[in-house]
Every structure is written in structure tokens, then in C-alpha cells.
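Before any comments, here is the structure.
The values are calculated or read from the model by the stated rules, or taken from the named source; none is laboratory data. All values derive from a computational prediction rather than experimental measurement. No Cβ is skipped: glycine too gets one built from the backbone with ideal geometry, and neighbour counts run over all protein chains shown.
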Ligand SMILES: Cc1cc2nc3c(=O)[nH]c(=O)nc-3n(C[C@H](O)[C@H](O)[C@H](O)COP(=O)(O)OP(=O)(O)OC[C@H]3O[C@@H](n4cnc5c(N)ncnc54)[C@H](O)[C@@H]3O)c2cc1C
Ligand code: FES
């Protein structure tokens, strides 16, 4: 029932309704998938991205390592099977999502001799099992920079994490995951260790979308680094809807074409065009920077709509979507880091506020460095930031993600 209202009251009601509608539209626009830019404000009363899904638990939780096992002949990709310490079934997750590990590692240079380090690892088995599994590739020193150190956390896992150890883990998250529409054939494309989310998606497809056609393209150097080889072969034999295309870029002499692998070369657009039947497909891509930065734009140029190209970069976002023009007024804006009391001028040299802070020796905890995990979320006390590539993580109210944010105005950050 509508109460009797006088003219000013009615006008007030209409204005309030319009404001609410505008706010809802703004929130939806920022939450939408495939958007290319977004903004956070330190003065807005609403979060720029309200949570799309709630996490299975907040903060970290202890998980016990039940098993560890190498997945490739080279022994560079090791699976760690985790079980809950209290024996309850693991909460569900979406195939393609990742876990975030928080480790407390020795560091002689850090105050107190220890340092907290955060890294993300995709779940590499399907949901609904009594365990979670991640598969971690040992990261060596880059060949062209032998003076740099080898990967900190991946080597820690390989060298020190043993069965029975407890790991501090944040709940599964991430918006790169399998869809639930079996009417569109799925094309899973993995390069190297990018196979991990694809294994999870494949398991889900086989169990819950068994009639959906699936193409799995897996690019890897040689048979030595071919992970999950026996498992993939069994899946291919038992599931007629799966077409497996294993592509070696540098096969060893012992690798047999037609047995160990199907093709020599790279997973590129020409291969997809040659192999895939006509019609719509949904592409899920995860691989090294070179693969991602060529394949994603190539698919777009081929006419595949953005909504059918989902991808994840392991580490700093390696896929460059066309960036939104940066507000010219941002050059010279002042960034105040409240906790350290430092005020610095943004000179536009850095890709993100995180890079800017680190260049000035200010530490902000970070995990994925690509807007996916939320580890770097920092309270934005004043000002506005922009995201040239909209972050995947739901930004907590009144915060920003410095790993992918740039200033639009003077800022005050709680860091
Ligand atoms: C969503 C997501 C999912 C992921 N899933 C997986 C997965 O399933 N499996 C997996 O193996 N990985 C995965 N990763 C990657 C993973 O999170 C880590 O980035 C990876 O293990 C490397 O971490 P690290 O600590 O071993 O290496 P880091 O210590 O971070 O080093 C990374 C690289 O930087 C080099 N480096 C060292 N010093 C310097 C320097 N001074 N300047 C420049 N470079 C230097 C190192 O040599 C190394 O090559 C994922 C990442 C994301 C974001
Ligand atoms: S470090 Fe993962 S969101 Fe910024």
C-alpha cells in the first residue's frame, strides 16, 4: 500500500529511487565479466565490486599434506594432495579456481629473520573429492639472468614440503572457471604448467557434462615435461567426447609422434582453425606469456567474441588487452602512504601502484600480482584509482588492488 505523500515527499522518494537505480547499474557494470576498465574510490560509500560469491572460509586455514607425487618424467612438476585437518569434506570449488598459500619463510634480510610470502596455485583435480590437489612446477633461475635467484616458493615446496606438513591456505577463489553451459563445445588450451586448471575442468566435464564435446590442446616442450601423461591417455581412451591434441615444441629423439604426442610445433591459431569443426566454441586458456599474448588477440581477430575467450595468466598479467587511456591529470599526483608517512609523486613510470611502492622500498604483501587473489588489497582512504584491465578479484569495500591499480587523483593509502 502506498501512503499519502505530499509533493516534496514524493519528489524525495523519486530522487532516492533514481539514486538507488544508478548505484545498482554502476555496481553491475563493474561486476560484469569481460569489462576492460574499472575504478575504485576512497570516498564512495559502496564497494566498487560487491562479492559475487562468498568464500568457503575467511583468512587462512590449516591443511595437511597427505601425499606428494611427480607428474612428469623430469620431476619438475610435483602434485601436493591436501586434506582438511578436522576430517570434514573439503568445501566445493569451481574447476579452474586456485588456492592461495601463505608461507612463513626464513629470510636473513627480513626483520626477525622471517618473511611471509603468498603464492597462488590452481586446483589440479576435480571438485567433490575428499581432498584438494595442487601441482607446482619448480621455477629455476632464468637462463638469461643466472645472477637472479630461483623461484622462492616453488623450490620451497619441492625441497621442503613433506607428507604430514600443515600448510596455511586461503579458500578457493578466482573467476577463471568452467561454465555450466554444455551446449557450447569447450576448448581447453594449456601451455606447460597451465595444464593444472585444465585437468580440473576436464574432470568436471567428464563427470558432470559427459556429452559436451571437449578439445584439449596441450603444448609442452617434450615428453620429459609432459605432465599427467598416463592420466590423459586413459581419459582419451574412455571418453569419446574428448579430443586430445598434445603438441611438443622440441621433441626428444625418444619421443614418438602418434604415441607420445600428436603434433610438433606450437598451439596457435592456425592449428585451432585446422582442427576445430565449424561453429561456436568456448575457449579456456592458460599458458606462458608468449602463448597468451599471441593466442588471445588472435582469437579475437578471428572473430571469437570476448565472452567465449576465458584465460588466466600465472603471475603478472601477461595478456595485454587494449588499455584504457590513462587520465593525463594523473601524472604528478601525490600518493600518501599513511602507515609509513611518506608522500611520493606518481611519475607514470610504473605499471601499477604496487610496482611504484616497491620501487620506493615500500612493502605491500602481494600474491598473484594480477588482480586475482586479493592479497594486496589496501585501504583507499582518499582519492580514486583506475584499473586499466579490470581485476578478477572482488574488491573489498573502501579498498583498492595496488597490483593492478593506477591513480586517477591524489591518494591516501593505508600502507
Ligand atoms: C592464479 C594463479 C594460479 C597459478 N597456478 C599455478 C600452478 O598451478 N602451478 C604452478 O606451478 N604455478 C602456478 N602459478 C604461479 C605461482 O603462483 C608462482 O608464481 C610460481 O610458482 C613462481 O613462484 P616462486 O616463488 O617459485 O618464484 P618467485 O620467487 O616469485 O620468482 C619468479 C621468477 O622471478 C625470478 N627472479 C628472481 N629474482 C629476480 C629479480 N631480482 N628480478 C626479476 N626476477 C627475479 C626468478 O628467477 C623466477 O624466475 C599460479 C599463479 C597464479 C596467479
Ligand atoms: S596480488 Fe593478487 S590481487 Fe593483488
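Would the stretch 106-126 turn up any residue that is under 26 Å from residue 235 (Cα atoms) and either within 16 Å of ligand 2 (Cβ to nearest atom) or free of Cβ contacts under 8 Å to residues at least 60 places away in the same chain (or both)? Yes - at least one qualifying residue is present in the stretch 106-126. Among the residues of the stretch 389-413, those that are more than 15 Å from residue 349 (Cα to Cα), part of a loop (DSSP other than H, G, I, E, B) and either modelled with pLDDT under 95 or more than 17 Å from the chain's Cα centre (by Cα) (or both) comprise 389, 390, 391, 392, 393, 394, 395, 396, 397, 398, 409, 410.
Per-residue answers, yes or no, for (1) modelled with pLDDT of 90 or more; (2) within 16 Å of ligand 2 (Cβ to nearest atom):
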site: 317; (1), (2): no, yes
site: 324; (1), (2): no, no
site: 331; (1), (2): no, no
site: 334; (1), (2): yes, no
site: 341; (1), (2): yes, no
site: 349; (1), (2): no, no
site: 383; (1), (2): yes, no
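Scanning the stretch 297-315 for residues that are touching a strand residue (DSSP E or B) at 6+ places or on another chain (Cβ under 9 Å), part of a helix (DSSP H, G or I) and either under 23 Å from residue 180 (Cβ atoms) or within 16 Å of ligand 1 (Cβ to nearest atom) (or both) returns 299, 307, 308.
Condition check ((1) assigned to a strand (DSSP E or B); (2) under 22 Å from the mean Cα position of the chain (by Cα)) across all residues:
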site	(1), (2)
100	yes, yes
133	yes, yes
140	no, yes
146	no, no
155	no, yes
163	no, no
169	yes, yes
175	no, yes
182	no, no
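Selection of the stretch 126-142 for residues being more than 10 Å from ligand 1 (Cβ to nearest atom) and surrounded by fewer than 19 Cβ atoms within 10 Å (Cβ to Cβ) yields 128, 129, 130, 131. Answer yes or no as to whether residue 269 is under 20 Å from residue 200 (Cβ atoms) and either under 20 Å from the mean Cα position of the chain (by Cα) or not assigned by TED's automatic domain parsing to the domain that holds residue 121 (or both). No, not satisfied.
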